[in-house]
Every structure is written in C-alpha cells, then in structure tokens.
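Here's the structure we're looking at; comments come further down.
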Amino acid sequence: MRIKQLILALLLPVFAMAQDDKGEQHRPRIHFSPRKGWMNDPNGMVYLNGTYHLFFQHNPDSTVWGPMHWGHAVSKDLLHWKELPIALYPDSLGTIFSGSAVIDSNNTAGFGKNAMVAIYTNHNHQQEAAGTETFQNQSIAYSLDEGKHWTKYKGNPVLSNPGIRDFRDPKVSWYAAGKKWIMTLATRDHITFYSSTDLKHWKEESRFGKEEGAHGGVWECPDLFPLYDKGNEVWVLIVNINPGGPNGGSATQYFTGTFDGHTFKADHTTTKWLDYGPDEYAGVTWSNVRGRSIFLGWMSNWEYANVVPTGNWRSACTIARELKLVKTGGQYLVASVPVREYDKITGKVITAENVTTNHFPLHAQPGKLSLSFAKAASFSITLSNNQGEQMVIGYDRAKNEYFTDRRKSGDVGFAQGFGGRYTAPRFTIKPAMDLTLIIDDASVEVFADGGLSVMTSIFFPGKNYTDISISSEEKIAKVVFQAIK
Ligand code: FRU
C-alpha cells in the first residue's frame with residue numbers, strides 16, 4: 001500500500017465517525033425533525049396565505065423533555081419544511097405546553113384582522129412542585145406578521161384551572177353556525193367543551209367521555225371537526241391517550257358522532273384508533289384549511305421517546321395525512337391517507353405486475369411503496385441491510401390483521417419493549433386489498449385499505465436499509481416503488 005493510500009484508508013473511518021459525531025444518523029429526509037434539541041407534540045398547526053405553519057413542543061437546549069417552548073416550522077407543500085426561530089418562550093406563568101392556533105379573520109379578539117392567535121397551556125412547574133393542583137391554565141398570544149413575532153396577552157391566563165390536575169392542550173375552532181369559538185380541552189379522563197366570542201372569555205358548555213372510549217391513561221391533545229359523507233355531516237372528536245394505546249404506550253383514539261355547538265354525542269360504543277402503530281401520538285388537524293382535514297402527529301411514543309438513539313435532536317413528525325370518512329360494516333371510520341402532495345414524485349418509478357415475489361434496491365432513498373391485490377392474501381415486505389437487520393411489514397390472512405415487526409430492525413436495546421411486533425385489525429369487508437408505505441431512513445408508515453388500518457413504526461438500523469423484498473401467497477396485481485425527493 002502506498003503511503004498516500006494508507007493515509008486515506010486510515011482517514012476514511014475517521015471521517016465516517018466524524019459524520020456520526022455530528023449526530024445526523026437516522027435523520028429523516030421526508031419528515032420534519034428539529035435541527036437540534038428535543039421535540040414532542042405538533043402544536044398550533046394553521047394555514048395562512050399559502051403557508052402551512054407547524055409549531056411544536058420544543059426543548060432547544062437538550063435532547064430530552066424539559067422546559068417547553070413552541071418551536072416553529074413552515075412549508076408550502078407539507079413535504080419540505082423550513083425551521084424558523086422559536087415562537088413562544090416560557091414566561092412568568094409557566095412553560096408553554098400544547099395547544100392550537102387560529103386565524104381571527106373577524107378580529108373577534110381585537111388584536112387585528114387576520115391575527116394569528118395561539119391558545120396554549122401554561123404549565124407552572126413551581127406550583128406543581130409546591131403541591132397545588134391548579135398549575136395548568138390556558139393562555140393566548142398573537143402574531144400580526146404570520147407567526148414571526150408574538151405578543152402574549154396581558155390578561156393571561158384566559159381560562160383558569162378549576163382544580164383539575166390535568167387541564168390542558170386547548171384546540172380551538174370557529175363554530176360558524178353559532179358564531180362562536182369552541183375550545184376542546186383535555187381534562188384528565190374526559191373532555192370539557194368551552195365557548196367564547198372573543199377568545200378571552202370562556203364559558204363551559206359540556207363534558208364528554210368519562211364513561212366512553214379507552215381509559216388506560218390520561219386524555220391529552222384533543223381535536224374536534226366535521227367530516228362529510230355524501231353531504232352527511234359527522235363530527236369527529238380526537239382524543240390522544242397516554243398510556244393505554246392498542247399496542248402499548250401513547251396513541252390516538254377518536255369518536256364519531258354529533259356536535260350541536262354545545263354537546264358532543266358519540267354514535268358508537270367501540271373504541272376507535274386512528275393509528276395502531278406504536279409511533280403516532282398527539283396528532284391533530286390543521287386549522288384554517290378549506291375543504292380538507294389534514295392531520296399530523298408526533299412520530300414517537302412516551303414509552304421510549306427520551307432515549308431513542310439519535311444524536312443532537314430527538315423525534316420527528318409523521319407525514320401529513322388527509323382524513324376521510326368511510327362507512328364500513330354499518331359504522332363510520334376515519335381513514336387516513338398520505339396527502340396528495342406526496343404524489344409529487346421526482347425520483348425513479350419501479351413497477352411490477354402479477355408477481356408473488358419481488359425485490360428491488362432502495363438505493364438509500366426514501367419513497368412510497370404501493371401494493372394492490374385483487375383478493376386479500378398473506379404477504380410480507382422486508383426492508384433490510386447487509387448487516388442482517390430487518391423491518392418486516394405484512395398481513396396475516398388467517399388472523400385478518402396487518403403487522404409491523406421490528407424485533408430485528410437494528411438497535412432495539414435502548415428501551416425495554418422497543419423491539420416488538422405490532423398488529424392492526426383489517427376493517428374493510430371488500431375482498432380487494434391495497435397498501436401504501438411511506439419509507440424514510442428511520443420510519444415506515446403503513447396505510448392499508450385506503451387508510452382504514454394505519455400503523456406507524458420507527459426503527460434504528462446500524463446502517464440504512466438498502467433492500468426491499470416482497471413475498472406473497474397470492475399474486476400481487478401491482479407493485480410500485482416511487483422515490484420521494
Ligand atoms: C402530550 C403532552 C401534552 C402536553 C405536552 C407537554 O404528549 O403530554 O399533554 O401539553 O405533551 O410537552
């Protein structure tokens with residue numbers, strides 16, 4: 001070996017290490033993740049003048065949960081995100097917990113026409129430590145320059161705690177029929193609805209849920225909005241819950257029913273989950289978007305979020321999903337599909353038809369994999385690398401369930417129970433089966449049967465997966481892999 005080559009050979013691993021030292025391994029490429037520091041829930045998602053705003057629970061100075069700020073990112077297409085300076089900092093009333101944002105187009109609050117108003121929970125850690133129960137209160141802040149600069153309202157808090165330990169995560173929306181704002185608030189083991197005409201004074205309307213739905217953990221981050229089925233209005237109440245999800249830890253449940261401006265009534269007694277995977281939480285929808293309900297969640301789970309093996313940041317968001325109402329077996333379900341912006345594919349497309357096995361290299365590219373079957377059949381899709389690490393996604397016809405299996409996906413030892421296998425029921429009664437996977441360097445999101453069964457899983461392979469292989473007991477009518485840039 002010549003000296004020059006030897007130096008190069010010695011330097012290469014050092015460069016590789018230096019790259020890892022920067023902490024960029026597992027950084028998603030088609031999902032939002034903060035440049036540095038900790039992130040959890042998406043907050044204040046609001047659309048204004050062609051821009052989608054995404055605020056988020058953020059601890060900028062550490063990669064574990066701590067004093068909460070609202071980070072801020074923007075996107076024109078829900079695909080590519082730009083992180084902006086922090087929007088809301090802790091203040092004398094406390095740190096800034098989760099909440100929502102609205103565009104006050106009628107200037108009801110008097111802050112200015114089209115003011116962006118954030119409604120959030122102030123969490124007072126001193127009061128909590130002192131043993132009082134009333135340390136969470138709702139406050140507001142406004143921005144007159146599209147979220148760049150914020151002013152906290154002098155009369156904060158606008159909704160004081162009546163003595164409930166978990167009193168947080170206000171989601172506010174305009175109820176046009178009643179010309180008033182509705183706040184949907186998580187109040188420990190139920191939801192309390194409040195109304196206001198000016199965002200500053202709130203009146204309790206009703207309570208929902210003490211006896212309904214899943215109660216394996218505390219209720220958090222709710223949302224309330226209508227969806228339509230051929231002109232039929234159905235109200236959807238999202239309630240995130242931690243722990244007590246269908247596959248352990250945190251998860252998003254929802255109710256369908258009616259809302260008349262005062263009271264929500266569910267039209268079912270079963271528990272419904274928006275995503276059965278372990279890694280979608282605190283998901284809610286964008287406000288001020290006409291004609292579409294666009295949902296996005298935090299892509300992690302409180303069971304291990306603080307210890308996942310990423311470098312200088314922790315956590316990412318799921319992709320944005322459009323929610324649709326589907327009537328199946330006599331009941332309304334909410335289906336989620338990747339927003340159509342994900343069809344803007346600029347990379348290579350690979351297609352195969354009428355195959356039972358298929359294999360193609362991922363070329364370390366994130367992408368969208370779609371499968372369609374004339375009739376439901378057991379199959380498995382394996383994402384793998386040459387270190388023998390693999391992530392398996394599939395369907396078991398005998399059990400009529402989808403699964404994701406990350407037991408051998410790479411580093412699973414950082415938290416007990418991370419290396420698990422997860423299942424989701426198949427809901428559709430139609431014979432035909434379709435599946436869309438959004439694959440990134442550290443996650444896979446599975447949307448089956450038009451988004452009726454959804455599963456999100458994160459993973460941490462030693463090296464990025466480079467192969468996808470598919471095998472099925474019956475012919476797959478069509479397989480398409482499209483790279484996403
Ligand atoms: C949900 C949650 C919210 C709270 C926030 C604090 O993940 O616990 O209820 O507002 O995170 O960061």
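The values are calculated or read from the model by the stated rules, or taken from the named source; none is laboratory data. Everything numeric here is computed off the predicted structure, so don't read it as measured data. Methodologically, a virtual Cβ is constructed for each residue, glycine included, from the backbone with ideal geometry; neighbour enumeration extends over all protein chains shown. With ligands, DNA and RNA removed, areas are computed over all heavy atoms of the protein, side chains included. Shrake-Rupley method; radii C 1.70, N 1.55, O 1.52, S 1.80 Å.
How much of the accessible area of the stretch 37-318, in percent, comes from carbon and sulfur atoms when a 1.4 Å probe is used?
In the stretch 37-318, the share of accessible area belonging to carbon and sulfur is 50 percent.
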Legend entry - the stretch 361-379-the stretch 260-335 distance, computed between alpha-carbon centres (Å): 23 Å
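Using the Cβ atoms and a cut-off under 12 Å, what net charge is assigned to the surroundings of Asp91, where Lys and Arg are +1 and Asp and Glu are -1?
Local net charge: +2.
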Legend entry - Using alpha carbons only: equivalent-ellipsoid semi-axes of the stretch 367-471, gyration tensor based, whole Å: 24, 14, 11
Legend entry - Alpha carbon centroid spacing (whole Å) that separates the stretch 428-482 from the stretch 69-83: 26 Å
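Are there any trypsin sites (Lys or Arg not before Pro) in the stretch 247-301 that are in a DSSP loop and have at most 10 other Cβ atoms within 10 Å? List them by number.
Counting only loop positions with at most 10 other Cβ atoms within 10 Å, the trypsin sites (Lys or Arg not before Pro) in the stretch 247-301 are Arg290.
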Legend entry - Dipole moment magnitude, nearest 20 debye, the stretch 37-318 about Cα centre, only Lys, Arg, Asp, Glu C-beta charged: 680 debye
Inset, instruction - Sort 37-46, 89-98, 145-154 for me by packing, meaning the mean count of neighbouring Cβ atoms within 10 Å per residue, highest on top. - result: 37-46, 89-98, 145-154
Inset, instruction - Report the paramagnetic label zone for Ile86: residues of the stretch 301-326 whose backbone N is under 16 Å from a point 7 Å from Cα along the Cα-to-Cβ axis. - result: 313-314
Inset, instruction - May I ask for the net charge around Thr404, where only other residues with Cβ less than 13 Å from the Cβ of Thr404 are counted and Lys, Arg are +1 while Asp, Glu are -1? - result: -3
Legend entry - Gyration tensor (alpha-carbon) shape descriptor, the chain, a/c threshold 1.5: oblate
Inset, instruction - Determine Rg/Rh for the stretch 183-267; Rg is computed over alpha-carbon atoms and Rh is the Kirkwood hydrodynamic estimate from the same atoms. - result: 0.99
Legend entry - Potential extension, Lys154-Glu128 segment - 0.36 nm per residue separation minus Cα distance: 7.1 nm
Inset, instruction - For the stretch 24-172, build the charge dipole from Cβ charges (+1 Lys, Arg; -1 Asp, Glu) around the Cα centre, then report which of Pro90, Val172, Gly71 sits farthest towards its positive end. - result: Gly71
Legend entry - Helix-only CD estimate at 222 nm, as mean residue ellipticity for the chain, using -39500 (n - 2.57) per DSSP H run (n ≥ 4): -1500 deg cm²/dmol
Inset, instruction - Over the chain, give the accessible area per residue in Å² for a 1.4 Å probe, as an integer. - result: 41 Å²
Legend entry - Shape category assigned to the stretch 37-318 from the gyration tensor of Cα positions, a/c cut at 1.5: rounded
Legend entry - Net charge, Lys179 excluded, C-beta distance under 15 Å - Lys, Arg +1, Asp, Glu -1: -2
Legend entry - Cross-link pairs Lys203/Lys265; Lys113/Lys327; Lys324/Lys478; Lys82/Lys180 - those with Cα-Cα distance over 29 Å: Lys113/Lys327; Lys82/Lys180
Inset, instruction - Kindly provide log₁₀ I(q)/I(0) values, in the same order as q = 0.22 Å⁻¹, from the Debye equation applied to equal alpha-carbon scatterers of the stretch 116-229. - result: -1.31
Legend entry - Principal-axis tilt of helix 3-21 within the chain, Cα atoms, nearest 10 degrees: 30 degrees
